[in-house]
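The values are calculated or read from the model by the stated rules, or taken from the named source; none is laboratory data. Treat the numbers as computed from the prediction; the structure is a model and nothing was measured. Note that each Cβ is placed from the backbone with ideal geometry, even for glycine, and that neighbours are counted across all protein chains shown. In case anyone asks, the SASA skips ligands and DNA or RNA and just uses the protein heavy atoms, side chains included. Shrake-Rupley method; radii C 1.70, N 1.55, O 1.52, S 1.80 Å.
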Amino acid sequence: VPSFGKKWPTENLSGRFLTQSHSLLMSDDHGDTWRLATSRDLGAPPPALKPEPEAAAVPDLPEANMRRTGQLGGRFGEMAVAGRFLVAGVGQRVVVLDATDPAKLELVGESLPLGDSIYDIDAQGDIVAVAAWRAGLHLFGLTKTGSLQPLGRWQGGEARRFQWEGKLLYLTTGKGGLRIFDVSNPAAPKVLGALPGIDICAVSLH
């Protein structure tokens, strides 16, 4: 519980414990009792594999020339480009990197923990939208120096993947379906419509 509290500081742990990892259970008596499986339990030889079919001929394509110009350690998640800045999710925080010189990425901005894992990030102009799972949708203003200024937020359900087009933001909320927001005023995102009753985790506009 203490370790969980350090990783998820905004969770209320009184009377419950919510894990973020999967585990494998097994039973030795046809389901009367259960225990955590161990590596030893998984030591049976693998089944014989069928031979792979011959791969189709791959056409000759020009080689893509890519070279690494810069690197910054750490576990980065979703990322968006905003002018000379890279805006990325790192755990529960949003960080801003100045990529003016790609060989020397510089951390110039960082948000407080948003309360949950960051599922999606996008930027339009100087406005950054962040879907932070059970902590909802957050909108930030991105300053010329790269700092983040909290503007508005929505906490009416989960916030997963989204698509942003003009003043409209289409947000998936898992079992809560789809929500459509008017974000023309980032300080007060307004729900215009919803598609409930369907578990939606991704959206695409065409």
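Near the amide H of I200, within less than 5 Å, lie the amide hydrogens of T173, G174, K175, G176, G177, all on another chain or at least 5 residues away, with H placed in the peptide plane. GNM on the chain, alpha-carbon springs under 10 angstrom: the most fluctuating residue among L142, L97, L112 is L112.
Here the Karplus relation 6.51 cos²θ - 1.76 cosθ + 1.60, evaluated at θ = phi - 60°, turns the backbone of the range 116-123 into coupling constants of 6, 5, 8, 8, 7, 9, 8, 9 Hz, with x for every Gly and Pro. Note on the chain: with a GNM built from Cα contacts shorter than 10 Å, the maximum mean-square fluctuation among L24, L72, L107 falls on L24. Calculated accessible area for the chain comes out at 68 Å² per residue, all protein chains present (probe 1.4 Å; ligands, DNA, RNA ignored). Expressed as a whole percent, the accessible surface of the range 144-206 that belongs to carbon and sulfur atoms is 53, based on a 1.4 Å probe. Sequence-ordered 3J(HN,Hα) estimates for the range 145-151 from the Karplus curve with 6.51, -1.76 and 1.60 and θ = phi - 60° stand at 8, x, 6, 10, 10, x, 10 Hz, glycine and proline given as x. Taking the Cα centre of the chain as origin and assigning +1 to Lys and Arg Cβ atoms and -1 to Asp and Glu Cβ atoms, the resulting dipole is close to 640 debye. Based on alpha-carbon atoms, the Kirkwood radius and the radius of gyration of the chain give Rg/Rh equal to 1.08.
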